[in-house]
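Please read the structure below before turning to the comments.
The values are calculated or read from the model by the stated rules, or taken from the named source; none is laboratory data. Everything numeric here is computed off the predicted structure, so don't read it as measured data. Every residue, glycine as well, gets a Cβ built from its backbone with ideal geometry; the counts of neighbours run over all protein chains shown. What goes into the accessible areas is simple: the full protein's heavy atoms, side chains included, and nothing from ligands, DNA or RNA. Shrake-Rupley method; radii C 1.70, N 1.55, O 1.52, S 1.80 Å.
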Amino acid sequence: MGAFDMLRIAGSSLGMHQTWLDSLSHNIANANTVTGTDTDAFQAELVVARARPGGGVDAAGVELGDAEGRMTYSPDHPLADENGYVRMPEIDMSSQMSQMVMAQRGFQASVQVTKTAQDTYNAALQIGRG
């Protein structure tokens, strides 16, 4: 693996992890979004990662979660139906937060690889100037 391959792979990882973090933050922000029973619930965003043939990773796309959501009894809510139910998204906050930690750590690792590679290249350039 060449030196610039390391930067290319780390760069692709940064992009994928940023997409993952964006989707997770969007899911967390909308975890308590309430809709009426006659409309779809907020659909969680699920990032699909795909390996690059020469190394690295891409965010191949974003799939949407279940539009059915879950029915919650909340008779005092203004959007409640005649039976007192509203529709909530099917988002597990503990899973979202665990994924947030993983995505954040992956992003940080890619940043560190990029920084280390830059430091190595700068040291090599200094040798030539000596």
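Listed by first and then second residue, the pairs linking a residue in the stretch 3-23 that is closer than 17 Å to Met100 by Cβ to a residue that is of a type in the set (A, V, I, L, M) and surrounded by 19 or more Cβ atoms within 10 Å (Cβ to Cβ), with Cβ atoms under 7 Å apart and 6 or more places separating them unless they lie on different chains, are His17/Ala103; Thr19/Val47; Trp20/Val47; Trp20/Ala103; Leu21/Ala103; Ser23/Val47.
Looking at this structure, is Thr35 open to solvent by 40 Å² or more (accessible area, probe 1.4 Å), among the β-branched types (Val, Ile, Thr) and in contact with a strand residue (DSSP E or B) (Cβ under 7 Å, 6 or more places away or on another chain)? The answer is no for Thr35.
Before we move on, is Ser23 open to solvent by less than 40 Å² (accessible area, probe 1.4 Å) and within 25 Å of Gln118 (Cα to Cα)?
Working: open to solvent by less than 40 Å² (accessible area, probe 1.4 Å): yes; within 25 Å of Gln118 (Cα to Cα): no.
So Ser23 does not fit the description; no.
A search for C-beta distances below 8 Å between a residue of the stretch 70-92 that is farther than 10 Å from Thr37 by Cα and any residue that is surrounded by 14 or more Cβ atoms within 10 Å (Cβ to Cβ) and of a type in the set (Phe, Trp, Tyr), counting only pairs 6+ apart in sequence or on different chains, returns Tyr73/Tyr85; Ser74/Tyr85; Pro89/Phe42; Ile91/Phe42.
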